[in-house]
Each structure stands twice: as structure tokens, then as C-alpha cells.
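Notes follow once the structure below has been shown.
The values are calculated or read from the model by the stated rules, or taken from the named source; none is laboratory data. Predicted model only: the values in this text are computed from it and were never measured. Every residue, glycine among them, receives a Cβ derived from its backbone with ideal geometry; neighbour counts consider all protein chains shown. Calculation scope for accessible area: heavy atoms of the full protein, side chains included, ligands and nucleic acids excluded. Shrake-Rupley method; radii C 1.70, N 1.55, O 1.52, S 1.80 Å.
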Amino acid sequence: MIKKIFLSLTCVVALVACTEDYKDWTTPAKVEQPAAATFTDGTVATTGVSINLNTLPAGQDSVQVVNITTAPTASDAAYAPVYTINLGDFEYDVDATGRMAAADLQEYIAQTFGRNPNILRTFNATLNMWVSNGGTNIKTGTSAPFQIQAYAKAPFIEQKYYITGNINGWNNGNKDYELTNDGSSPYDNPTFTCRVPVTDDAVKDGIIKFKVTPESKIGTGDWNSCLAAGEKGTFNYDNQGSDFVVEIEKNAKFYDLTFKMLDQTWEAKAVKFNEYIYEIGNSHGWSSSMPLRSPSFDGKYQGYYYLDGGFKFKPNADNWNDDWGQDPNGEEGKLVQEGEKDCNAAAGFYQIDVDLSAMKWSITKVNSISIIGTVNGNWDTDTDLTYNKETGAWEGTTALSAGAMKFRMNHDWTISWGGANGDPTAFDNLTQNDGKDLTLAEAGTYKVQLYIAYEGNNKVVVTKQ
């Protein structure tokens, strides 16, 4: 059933002439008035059809969004009807048959709702009716709101893709390099990323060369279903193109690949920092290399170690090549590689931070690490542990209630450790990045040994006495 929606406004325009000739006021002149141009409104009706922009026939570039059942009219034949449609804050042209450009409708849906092609979008619209003689446009009215239903256009995007190329021997079954988003719908978050290493084979070739295999085709050897590189950072879903190629920059260790699945663009950014650097110094007889980690490979490293006197930093665990130390001519905390002197610290346990992008280092004294939580009766009471240089652990033997606990530094919540990956039982994998409260199942007296080194290598051993 077609629902009629009537336009609300009828316009009448009168054209008035005047003269500046002198006339005797006692005998007023009669001025001929031209006939008034009159205009009528029209009527529209909803189509009652859901539009799917993914299934338009080849070559069709417009869609029916409204039925114009009666066009506005003008007594002056020079005027013809003109239409526009309001969709939210957008206004688009509509032709005399009630059709608008499919690209315009796609733009509105994408800007307003996103491009998920699996969700039917329902939204209000109004139609503006005008008459125009090419120089003068007269609005005859605006319809009452009506609804349009449509699906956005988008390619089919899988949840995961895999990089296959000279970094993994062109093994189509290899899943080492996963290209994906944050796990949400690829239409809600269409930005997919993957970090790939600069392998010896890639260095030998001078390039990283690869294909992008959909998850559904991994291990099948079906190269025809891979994404293919287009021109100037674009790609295609139908393998109509060439392999992806990244020219390796000097000193690059990794490349961060970013694919924008809806825009069909991609880029590669060189990462020139290693995952680890190492502290070495007097506290360990200048013989042990203590890892500091940069989880994001951004040149910002952190570790927790005992220091006592001089120390330096170096890029490799097994040699001194290209080591860093304090700039003898710079402010405290400035690193240099040539002519450096030892960094220095009073004896104690420290949080150690190095930023190679800024060539700076800093240390924060760890005065205490304590147990806190309902295992102490409440979240306001700290039970301090003591650092043991022999075992490298923060230790203590204490009575604990069954309940929740975390560990915090310097009686403050700025730095605290809990279970990684949201796991309350992850005693062997602690994180300082929003760690989960650990669960102690039974009350009792426990020996607690907390080993803190760097993110990804922190744990606590809780032994009932």
C-alpha cells in the first residue's frame, strides 16, 4: 500500500511594475499589473522497497528513493520542477522520477552508520520540491518525513588475513604473520595491521615481497583469492594486480603493515628499533646483560633491576658494539654512543627507562613493593616485601586471607602488577598494564616471592607454609 505524503506549502508570486514619471495627484494614473504567476505543490509516496547497494546491476548508478506521484506546477511554462532530498545534515539531488545517485546514498550511510553491508539501515528523509526557470528557484514545499531502508555497499571482508611471501618462504599455510583488526567487526573497524620482520631472505632480495591470503584460503594454495597490489598504495580483492612490495630501508628491523579494508589502501612503515636492549654494570660485575623491553618496538624500553654504581646500555646481549652511556657534556639523562661515560646510581632497586628516539635515560627508585587487597582484609593496607639480592625477588612470609590481591610500587597505584590477559590466576604472568586482581583461594601463611624484570617476564611464587 502506498502512503501519500502531501507537501505543505503553496507559493504565489506577484510581479509589480512601477513608474517614476510625474503624475497629477488629482488624476492618478492607472498602471497595468502583469498576471500573477501561481504555483502548486505536489505529492510523494514511499517506495516500500529496501535498497541493497551491493546488488545493483552493472552500470546502474542511481536508485529509487521516493515516488513522486504529483509534480509541482507553475502557471508560467518557463518553470519546471526540481527536487532535492534531505538525509540528516546532507542534501542531495533527486531526479523527476524520484531517483538519486547511488554514490550519494552510499556516502550518507557510510558517514552516518558505517559501511557494514549486513545491517539494514532505516532512516528518515524529506523531499524538497522546487520550480525553476533556470535563473529563479522557488521552493513550493517540503514533504512530511518518510523512511528509506538501505544496505551500504562494501566488499566482503574476512576477519583475518595472512602475509605470505619471502619472509616465510612463500608458505601458503604459514600463520606467523596475521593481518587483523582488534577483533571487532571488520566493517566497524576496517583498519587491519601486522608487524613483519626483515628476514635474511628479504635483505638478500632488498625487498619484502608478499601476497595477502584470506583466512578461508590459508593452506589451500589458492593464490587466485589473494589480495593484489594496485597503483599508489591501493589494492584489489580479486587478485587483479601484482604482489605487494616493500623496499627495505637501512637499519629497518620490522615493518608495520596497515591495510584499510574499506578504502582499499595500504602502507608500510619501517620500525628501526629492536624489541630489547640491555643494561650492564657494576651491580652484576659488568658480566651480565639485563634485558629492557620495548613491547611496541617504538624505542622506549623499560626494566626493573638492582643497580649499584656505574652502568651502561647496549643493543646486543653478547657484545659491546654501539653501546650507549651518559653524555659527559650534557645534562643528566642524556645518552650518546661516542665518548660516553658510565651512568650512575646509588645502590638500590630501580625502574629503568630508556628512550632511544629521544636519546634519554632515567631511573626511579623502588623503595617498596607491597601486597595489597582483600587478602590483607581491605584495599587500604599494604604488606611490604623485602628485596633479596641473592634470589632477585621481593620476598616476605605473611598471613593472608582468601581473596583478591595485587602488588604495587612505592605504596602508590601509579605502578601495580596483576594477572595478564585479564586472568586472575596468572601468577606466572604479571602485567603492570591494567592487571587483573589475583585470586588467592585459601587463607594461610604464605611465602611470597615476586620477580619483576620487564613486561612479559614478571611472576609471583606463592608457597603455603
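Leaving ligands and nucleic acids out of the surface, order Trp170, Trp413 by accessible area at 1.4 Å, largest first.
Sorted by accessible area, descending: Trp413, Trp170.
Mind checking which of Asn367, Ala346, Ala404 is farthest towards the positive end of region 341-404's charge dipole, using Cβ charges of +1 (Lys, Arg) and -1 (Asp, Glu) about the Cα centre?
Ala346
Which option, [x] 1.07; [y] 1.02; [z] 1.22, is the value of Rg/Rh (Cα atoms, Kirkwood Rh) that was calculated from these coordinates?
Given [x] 1.07; [y] 1.02; [z] 1.22, the calculated one carries the label [z].
Could you go through region 193-198 in sequence order and give the Karplus-derived ³J(HN,Hα) for each residue, using 6.51 cos²θ - 1.76 cosθ + 1.60 with θ = phi - 60°, rounded to whole Hz, and x for Gly and Pro?
9, 7, 9, 10, x, 8
For helix 102-113, what angle does its Cα long axis make with the longest principal axis of the chain, in degrees from 0 to 90 and rounded to 10?
50
Can you give the net charge of the other residues whose Cβ lies under 11 Å from the Cβ of Ser296, counting K and R as +1 and D and E as -1?
-1
So what is the 222 nm mean residue ellipticity for the chain from helices alone, if each DSSP H run of at least 4 adds -39500 (n - 2.57) and you divide by all residues, rounding to the nearest 500 deg cm²/dmol?
It lands at -1000 deg cm²/dmol.
Only loop residues by DSSP count here, and only those with at most 16 other Cβ atoms within 10 Å; note down the GluC sites (Glu not before Pro) in region 248-351 that meet that.
Passing sites in region 248-351 are Glu249, Glu275, Glu331, Glu332, Glu338.
As a test question: what accessible area, to the nearest 10 Å², does Trp394 have when a 1.4 Å probe is rolled over all protein chains in place?
My reading of the accessible area for Trp394 is about 10 Å².
How big is the accessible area of Thr381 in square angstrom, nearest 10, if you roll a 1.4 angstrom probe over the protein chains?
60
Relative contact order for region 230-334: what is it in percent, counting Cα pairs under 8 Å that are at least 6 residues apart?
Relative contact order for region 230-334 comes out at 18 percent.
Share of the chain's accessible area from carbon and sulfur, percent, 1.4 Å?
Accessible surface attributable to carbon and sulfur in the chain totals 46 percent.
Got a sec? What order do Met359, Met405, Met290 fall in by accessible area at 1.4 Å, biggest, i.e. largest, first?
Heavy-atom accessible area, descending, gives Met359, Met290, Met405.
With every protein chain present, what is the per residue accessible area of the chain (1.4 Å probe, Å²)?
With all protein chains present, the chain gives 51 Å² per residue.
If you take the beta carbon distance between Asp434 and Ala80 as r and set R0 to 45 Å, what does 1/(1 + (r/R0)^6) give as a FRET efficiency, to the nearest 0.05?
Plugging the Cβ-Cβ distance into 1/(1 + (r/R0)^6) gives 0.10.
Greater than 25 Å separation of Cα atoms is the criterion. Which listed pairs, Lys204/Lys312; Lys209/Lys300; Lys253/Lys312; Lys436/Lys464; Lys360/Lys389, meet it?
Lys204/Lys312; Lys209/Lys300; Lys360/Lys389
As a test question: what accessible area, to the nearest 10 Å², does Phe156 have when a 1.4 Å probe is rolled over all protein chains in place?
Answer for Phe156: close to 150 Å² accessible.
Using a 1.4 angstrom probe on the protein heavy atoms only, could you order Ser50, Ser283 from most to least accessible area?
Heavy-atom accessible area, descending, gives Ser50, Ser283.
What does the net charge come to around Leu53 if you take all other residues with beta carbon closer than 14 Å to its beta carbon, with K and R at +1 and D and E at -1?
Result for the neighbourhood of Leu53: +1.
In the neighborhood of Ser62, defined by Cβ-to-Cβ distances under 14 Å, what is the net charge if each Lys or Arg adds +1 and each Asp or Glu adds -1?
-3
So which chymotrypsin sites (Phe, Trp or Tyr not before Pro) in region 308-373 end up in coil per DSSP with only 13 or fewer other C-beta atoms within 10 Å?
Trp320
In whole Hz and in residue order, list the ³J(HN,Hα) couplings for region 339-347 that follow from phi through the Karplus curve 6.51 cos²θ - 1.76 cosθ + 1.60, θ = phi - 60°; x for Gly and Pro.
Each residue of region 339-347 in turn: x, 6, 10, 5, 6, 8, 8, 5, 4 Hz.
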